[in-house]
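The block underneath contains the structure these notes are about, expressed in structure tokens.
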Amino acid sequence: MAPRARKCHNGGMDSDRLIRVGVVDNDPLALNMLVAAVGRMRGCTVLWRAMSGVEALQLVTRGLRGRGALPDVMVVDVFLGDLSGLEVCRRIHAQAGAEGVGLVGITAYSVERFADGAKAAGMDALLGKENVATELEPAIIAAAARKATRESPGDEVTATDGNADSGTPQRPIADSQPLSKRELETLRYYAQGLTTERITAAMGVGPTTVYSYRNRALAKLGAGSIPEAIHLLTKRGAM
């Protein structure tokens, strides 16, 4: 079994623990693609996969009852064969309560079409499938970081379709939670287009440390992705 991901005092995940992800899609090819994508992410592991909303709910219920592991984050397609992904997320958000499960929705359609429903369902982010390769990893990391401090359904949802700039309202940087020098430095490197590997070399730290800085920065900003975090900082003159 994969190492259990633990909550940090700052609301994120311990840097030496894997983020456990449940993946839900009724299309076998899409499901395999998502599982493979998560499997390639450093710091993440696929806990289980499900091909229907009912199956996903059963797995989460088992985890809540102590009969199985509970994922830190779930990646859920909006269109499933039985229940909609929005309904699945709404039920999980209601059931998980204080324990929390990060929820990342994906859709092959326009994210604006489902933005309100995703927000009501308690999703942390809603991504277009065409952006999975670039946006899924930071969305999962941010959802894991926020799960310990998530408010009730109605929190801001990050909708990313590749065309949206920053029209989605964002929570401001709290004065009590300013970014540290290293967290800001990490985001500045990402803004320059550097890969994580190059950032580790530039900063003289390991990749786990870079992910930890990025994780905490996203959580403090309330951003669902690195581009959104960079945009927020740019608007505030911090970049």
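Quick one: count up the residues across region 33-56 that are of a type outside the set (A, V, I, L, M, F, W, C) and in contact with a helix residue (DSSP H, G or I) (Cβ under 8 Å, 6 or more places away or on another chain).
Taking region 33-56 and keeping what is of a type outside the set (A, V, I, L, M, F, W, C), we get 39-40, 42-43, 45, 49, 52-53, 55.
From the residues that got through so far, the ones that are in contact with a helix residue (DSSP H, G or I) (Cβ under 8 Å, 6 or more places away or on another chain) too are 42-43, 45, 49, 53.
Count: 5.
Scanning region 110-125 for any residue that is closer than 14 Å to Asp25 by Cα and not assigned by TED's automatic domain parsing to the domain that holds Gly224 turns up nothing. Of the numbered criteria (1) over 21 Å from Leu29 (Cα atoms); (2) out of contact with any Lys or Arg (no Cβ under 6 Å at 6 or more places or on another chain); (3) not in a helix (DSSP H, G or I), the one Leu80 fails is (1). Out of Val38, Val73, Val88, Val101, one residue alone is within 19 Å of Arg20 (Cβ to Cβ), touching a His at 6+ places or on another chain (Cβ under 8 Å) and not charged (D, E, K, R). It is Val101. Scanning region 33-53 for residues that are assigned to a strand (DSSP E or B) and surrounded by fewer than 19 Cβ atoms within 10 Å (Cβ to Cβ) yields a total of 1. Contact map, region 186-203: first residue at negative phi and free of Cβ contacts under 8 Å to residues at least 40 places away in the same chain, second residue outside any helix (DSSP H, G or I) and surrounded by 15 or more Cβ atoms within 10 Å (Cβ to Cβ), Cβ cut-off under 8 Å, separation 6 or more or different chains; pairs are Ala202/Leu194.
For region 101-150, filtered to residues that are of a type in the set (Gly, Ala, Ser) and assigned to a strand (DSSP E or B), the residue that is modelled with the highest pLDDT is Gly105.
The values are calculated or read from the model by the stated rules, or taken from the named source; none is laboratory data. All figures in this text were calculated on a predicted structure; none of them were measured in a lab. So basically every Cβ, Gly included, is an ideal-geometry build from the backbone, and we count neighbours across all protein chains shown.
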